Amino acid sequence: MPAKKEKEVNLLPQEEFEGSTLGRILKWALSTFRIMVIITEMIVMLAFLSRFWLDARSTDLNELITQKQAAIAADADFEKEFKDTQKRLRIFASLTLANEPFAETLKIITSYLPADSFLASVSFNGESFQVKGITQNEINIAQLIANLKASQKFKEVSLVGISSSEGTDGSLIFTIKLAK
């Protein structure tokens, strides 16, 4: 017996529908929009996945900034001290270059200083020196003043002040003014 042929019944004839203008527009729109949707989904997925990379990068950069800030803060005290030292050295250099007599006068003063006396400070204002020192007795102060007057390097040698130190060692603090 011959095999029965099965017939398919299609209520929407595709050949005729695809051939019409509306059918072609609809077929084009469905296939094109499907591609656009796929491309849009890929872009969204790429943006979503790149967010994790960008977050990790942002975290790394923030940690690096924090480390750099800590290093800068740690070096701030050293930098401040270094700049202060540079400033002092510039001032000292300008004083020693501009005032060659200052070094010579300081040598003269220290050469006449008694053995158990010490200089605490020396200041120079352009015309006169003020020497502040520490000694154990008044005889050393008198000896220093006599030696400086005898040197005839200074026009005026005068004792400005004398006081006892606050410590229990009984030392005396003296101030002498020297005019050139």
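The values are calculated or read from the model by the stated rules, or taken from the named source; none is laboratory data. Every value quoted in this text rests on a predicted model; they were computed, and no experiment measured them. Reconstructed Cβ throughout: ideal geometry from the backbone, glycine too, with neighbour counts over all protein chains shown.
Of all the residues in the range 158-180, those that are under 14 Å from TYR112 (Cα atoms) and at pLDDT 90 or above number 1. Residues that are hydrophobic (A, V, I, L, M, F, W, C) and under 14 Å from LEU178 (Cα atoms) do occur in the range 84-102, at least one of them. Residues that are outside any helix (DSSP H, G or I), among the hydrophobic types (A, V, I, L, M, F, W, C) and at pLDDT below 90 are absent from the range 21-43. Answer yes if at least one residue in the range 84-97 is more than 23 Å from the chain's Cα centre (by Cα), at positive phi and modelled with pLDDT under 90, and no otherwise. The answer is no; no qualifying residue exists. THR59 satisfies every condition listed in (1) free of Cβ contacts under 8 Å to residues at least 12 places away in the same chain; (2) assigned by TED's automatic domain parsing to the domain that holds PHE174 except (2).
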